[in-house]
Amino acid sequence: MGLFINNSDHPDVYKHHQQPQAVNQVVSRQDFLTELVREQKTTNLSLKSALSDLGFQSQQKEETQINQWNHIGNQLTELKSRLERYEDANHQLVLKMNEQLDLQKEVAEKIAKHETFQGDVLQRLDNQEALMDKISRQINHIRSILFERTNYLAAKIDDGYKITSSYVYKLMTGSEHPLTFLLMNQKKEEIQKHTD
């Protein structure tokens with residue numbers, strides 16, 4: 001324990017203003033065991049402080065690593081969530097693409113059916129056109145036959161009329177002149193037919 005000086009009550013007691021001339025202790029006694037224990041205590045305190053600092057640093061590093069691992073874990077969780085969202089979006093996209101492919105197949109089938117139907121219609125139109133041509137040729141043939149028959153019948157009716165009228169004229173008048181005139185007209189018509 002050091003020297004106690006009461007400055008408030010007795011400020012001059014035990015005070016000396018001069019430097020001491022020499023130490024007043026002549027003999028000293030040293031206890032090596034006590035010194036060793038004291039040094040050991042000092043070493044222990046230093047070691048304890050160093051271990052405490054090391055533990056604190058280790059704890060800080062551990063907390064830092066835990067924070068880093070937590071941050072990495074959070075990032076992995078967020079990445080997993082994003083991947084799940086992307087997977088759902090990709091699944092929806094695949095479903096829409098499959099629907100689009102089905103729709104395209106359906107449209108292609110309808111187009112193929114329409115082309116087949118259009119081919120059938122064109123074939124029918126070709127057949128109908130051929131049939132119309134055939135009917136037109138037959139109608140023209142029938143028309144020409146009817147024209148020939150009509151002309152033939154008209155000529156026969158005309159000849160019959162002339163002969164009948166000539167006969168009636170002869171009966172009524174007794175003259176042969178109209179019959180000769182009729183035959184001359186028939187010869188002229190035959191000559192004209194041959195020249196045409």
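The values are calculated or read from the model by the stated rules, or taken from the named source; none is laboratory data. What you see is a predicted model; the values in this text were computed from it and never measured. Neighbour counts are summed over all protein chains in view; Cβ atoms, including those assigned to glycine, are modelled from backbone coordinates with ideal geometry. For the accessible areas, the whole protein counts, side chains as well, though only heavy atoms, and no ligand, DNA or RNA atoms are used. Shrake-Rupley method; radii C 1.70, N 1.55, O 1.52, S 1.80 Å.
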Kindly evaluate residue 148 against the criterion of being over 30 Å from residue 193 (Cβ atoms) and open to solvent by 80 Å² or more (accessible area, probe 1.4 Å). no
Just to check your reading of the model, which residue among 6, 74, 70, 44 is at pLDDT 85 or above and more than 54 Å from the chain's Cα centre (by Cα)? 44
